[in-house]
Structure formats: C-alpha cells, structure tokens
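**Student:** One structure, pasted below without further comment.
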Amino acid sequence: MAKTGTTTQGLRTAIERSGYYPALVAEAVEAAVGGEPIASYVVHQETTFDANEVRRHVTVLVLTAHRFIVSHTDEQAADSSSPTPYATTSTESVKLDRISSVVVSRVVANPESYTPGTPPREVVLTIGWGAVSRIDLEPAACGDPNCEADHGYTGSSTADDLSLRVSEAGDGPDTVRQTLAFAQALSEATAAGTAPGR
C-alpha cells in the first residue's frame with residue numbers, strides 16, 4: 001500500500017492507514033521532517049514471507065523544500081537479544097543537492113498497443129545519493145583468444161541507496177500513479193535544487 005500527498009496531516013493519515021505501528025513511524029518521520037513544509041511523500045508497506053514467518057516493512061519517503069527524507073521500519077521476532085518481538089525504525093535526511101540519480105523503471109504490458117497516460121504494470125524507483133554503491137567486477141580480457149596474460153579486472157559502480165518497487169497487481173494502479181508522481185516531484189526538485197512550488 002502506498003499513499004502520496006503534500007501535507008503534514010495527509011502524511012500522518014497515510015501512515016495511520018498503513019496500520020503498521022503508526023505511532024512509532026509517525027513520530028520518527030515527523031521528528032526528521034521538523035517544521036519544514038512537505039512537498040510530496042509516499043508511504044509504502046510491504047509484507048514478505050520468510051520461511052515460516054510473515055515480516056512487515058514500511059518505507060516512508062518525504063520531499064521538503066531542501067531535503068529528501070527516507071524512513072524504514074521493520075519488525076523482528078523475539079530472539080537472543082530480546083525476549084519479546086520488537087521493531088526498528090531509522091530515518092535518513094539527505095540534502096537535495098546530494099542526490100545523484102533518480103531512476104524510474106517501468107514495466108508495460110503489450111507495448112505495441114500502449115496508450116500514453118496508461119499506468120505501467122510495475123514501477124521501480126531507485127534513488128542514489130552516494131551512501132551505498134554496488135560494484136560489479138569481472139576479469140578483463142583482450143581480443144586474442146590465445147592470450148593467457150592477466151589483464152586485471154573491469155567493472156562498474158552503481159549508486160544503489162534506495163530501491164522501491166510497486167506493482168499494479170500487488171499495490172493497485174493508484175499506488176503506481178502516486179509513486180510516479182513522487183518520482184517526478186523528486187526529479188524536478190533535484191534538477192532545480194529546490195522542491196516544486198518553493
């Protein structure tokens with residue numbers, strides 16, 4: 001489930017609607033946002049199945065005039081460190097000028113008959129700001145098939161700080177549209193150096 005909007009009260013309502021520890025999530029997000037006006041947000045709850053356990057996770061993305069804020073909250077079963085179930089929540093605040101990439105991947109059914117404005121079947125929003133990078137390496141080679149020399153390695157580095165996937169089947173078409181709207185607002189804000197309308 002994902003919700004987007006532009007007001008503090010709307011953000012709180014979306015967090016409450018997710019039903020996932022709303023008091024904990026709202027307190028963490030509101031503390032990170034402080035008194036800044038909200039330009040856009042997305043609240044996305046995801047349920048995963050891990051062996052015999054059901055795990056829930058909520059991600060909240062908030063765009064203000066000068067910052068991008070991301071919050072993650074996970075629940076954990078009782079373990080050796082805690083005799084009772086517990087949740088962890090974290091927030092990160094990133095200045096807009098630190099965001100290096102906003103990637104939107106769209107999956108569209110029947111592309112030969114695509115009509116502009118039709119929401120994609122799935123959207124993956126990937127945002128990079130340099131905190132986490134993935135490096136893919138492979139042995140380098142030359143064009144000579146008989147060459148046995150060591151040519152070192154070649155590879156690429158990809159910013160991979162946050163990836164959020166929503167789908168029409170799992171989250172509904174409104175959620176897909178809302179995620180696209182948030183991605184557009186964030187992309188425009190990073191290009192302009194400030195959030196839209198500020």
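**Student:** Explain nothing, just the number: relative contact order of the range 1-97, from Cα pairs under 8 Å at least 6 residues apart, as a whole percent.
**Tutor:** 24 percent
**Student:** Using a 1.4 angstrom probe, figure out how much accessible area the chain has per residue, in square angstrom, rounded to the nearest whole.
**Tutor:** 56 Å²
**Student:** Of Thr88, Thr73, Thr126, which has the largest mean-square fluctuation in a 10 Å C-alpha GNM of the chain?
**Tutor:** Result for the chain, Cα springs under 10 Å: Thr88 fluctuates most.
**Student:** Carbon and sulfur together cover what percent of the accessible area of the chain at a 1.4 Å probe radius?
**Tutor:** Carbon plus sulfur share of accessible area: 49 percent.
**Student:** Can you list the residues, at least 5 places off or on another chain, whose amide H is less than 5 Å from the amide H of Ile38, using H built in the peptide plane?
**Tutor:** Thr8
**Student:** Taking only Cα atoms and a 10 Å spring cutoff, compute GNM fluctuations for the chain and point out the largest among Ser80, Ser163, Ser71.
**Tutor:** Maximum fluctuation in the GNM of the chain, among the listed residues, is at Ser80.
**Student:** What size of dipole, in debye to the nearest 20, comes out for the range 1-97 about its Cα centre when the only charges are +1 on Lys and Arg C-beta atoms and -1 on Asp and Glu C-beta atoms?
**Tutor:** 320 debye
**Student:** Dividing the Cα radius of gyration by the Kirkwood radius, what Rg/Rh value follows for the chain?
**Tutor:** Reported Rg/Rh, Kirkwood definition of Rh: 1.06.
**Student:** Stokes-Einstein diffusion coefficient for the range 1-97 at 20 °C in a medium of 1.002 mPa s, Rh from the Kirkwood formula over Cα pairs: what value in µm²/s?
**Tutor:** 154 µm²/s
**Student:** What does the helix-only formula give at 222 nm for the chain: each DSSP H stretch with n ≥ 4 adding -39500 (n - 2.57), the total divided by the residues, and the result rounded to the nearest 500 deg cm²/dmol?
**Tutor:** Numbers: 4 runs with 47 residues, N = 198.
That comes out to -7500 deg cm²/dmol.
**Student:** Quick check for you: which residues of the range 78-108 have the amide N under 19 Å from the point 7 Å beyond the Cα of Arg55 toward its beta carbon?
**Tutor:** Answer for this model: 78-91.
**Student:** Residue by residue through the range 146-154, what is 3J(HN,Hα) from phi via Karplus (6.51 cos²θ - 1.76 cosθ + 1.60, θ = phi - 60°)? Round to whole Hz and write x for glycine and proline.
**Tutor:** 9, 6, 10, 6, 8, 9, x, 10, 10
**Student:** For the pair Val124 and Ser100, what calculated FRET efficiency results from E = 1/(1 + (r/R0)^6), where r is the Cβ-Cβ distance and R0 = 30 Å, to the nearest 0.05? Each step should come with its number before you reach the end.
**Tutor:** Values: r = 17 Å, r/R0 = 0.58.
Plugging the Cβ-Cβ distance into 1/(1 + (r/R0)^6) gives 0.95.
**Student:** Let me ask another. What does the charge dipole of the chain about its Cα centre add up to, to the nearest 20 debye, if the Cβ of each Lys and Arg holds +1 and the Cβ of each Asp and Glu holds -1?
**Tutor:** Computed about the Cα centre, the dipole is about 920 debye.
**Student:** Give me the number: length gained by fully extending Asp74 to Thr7, i.e. 0.36 nm times residue separation minus the C-alpha to C-alpha distance, one decimal in nm.
**Tutor:** Stretched out fully, the Asp74 to Thr7 stretch lengthens by 21.7 nm.
**Student:** Another one. What list of ³J(HN,Hα) couplings, whole Hz, do you get for the range 83-93 from phi and the Karplus terms 6.51, -1.76, 1.60, once you set θ to phi - 60° and write x for glycine and proline?
**Tutor:** Whole-Hz 3J(HN,Hα) from phi for the range 83-93: x, 10, x, 8, 10, 10, 9, 9, 10, 10, 10.
The values are calculated or read from the model by the stated rules, or taken from the named source; none is laboratory data. As the structure is a prediction and not an experimental result, all values here were calculated from the model. We place every Cβ from the backbone using ideal geometry, glycine too, and count neighbours over all the protein chains shown. SASA here: full protein model, heavy atoms, side chains in, ligands and nucleic acids out. Shrake-Rupley method; radii C 1.70, N 1.55, O 1.52, S 1.80 Å.
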